[in-house]
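The values are calculated or read from the model by the stated rules, or taken from the named source; none is laboratory data. On a predicted model such as this, the values are computed, not experimentally measured, just so you know. Cβ: placed from backbone, ideal geometry, glycine included. Neighbour counts: every protein chain shown.
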Amino acid sequence: MASQVYLNNTHIPLLDSFLFSLNSHIEDLLVRLNKLYQIIEYLPANQTEEHTRLDLLVKQCSLEADWAIKTFRSYTVMKEAAAPMPDNKRGKKFWEL
């Protein structure tokens, strides 16, 4: 059963803080992915075990980045909904998934 969450402009500072932290985490993940790809590029092809390990790290990092980006987008929508507007004085409802 889903529960309702009400958002209003008092939630904006908390959402801003969370979005800032999440954005920093996304940037870190992208830097990590870049470094992993650089290592893979210079690793000799005959080191298959190392390639397998690096491929798993890339997959894990990619999945985490995908989740973080989707979460960032969702919370950005929530922040926009919580922003004060003439027809949005009481805030909007969001359903917890």
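Can you say whether Phe72 is loosely packed, with under 12 Cβ neighbours inside 10 Å, at pLDDT 95 or above and among the aromatic types (Phe, Trp, Tyr), as far as the supplied structure shows? It is false that Phe72 is loosely packed, with under 12 Cβ neighbours inside 10 Å, at pLDDT 95 or above and among the aromatic types (Phe, Trp, Tyr).
If you go through the range 34-45 and pick out every residue that is of a type in the set (A, V, I, L, M, F, W, C) and in a helix (DSSP H, G or I), you end up with 3.
Across the range 1-33, the number of residues qualifying as without any contact (Cβ under 8 Å) to a residue 40 or more places away in the chain, aliphatic (A, V, I, L, M) and assigned to a helix (DSSP H, G or I) comes to 5. Yes or no: the range 16-28 includes at least one residue that is surrounded by 11 or more Cβ atoms within 10 Å (Cβ to Cβ) and over 20 Å from the mean Cα position of the chain (by Cα). The answer is no, given that none of the residues of the range 16-28 is surrounded by 11 or more Cβ atoms within 10 Å (Cβ to Cβ) and over 20 Å from the mean Cα position of the chain (by Cα).
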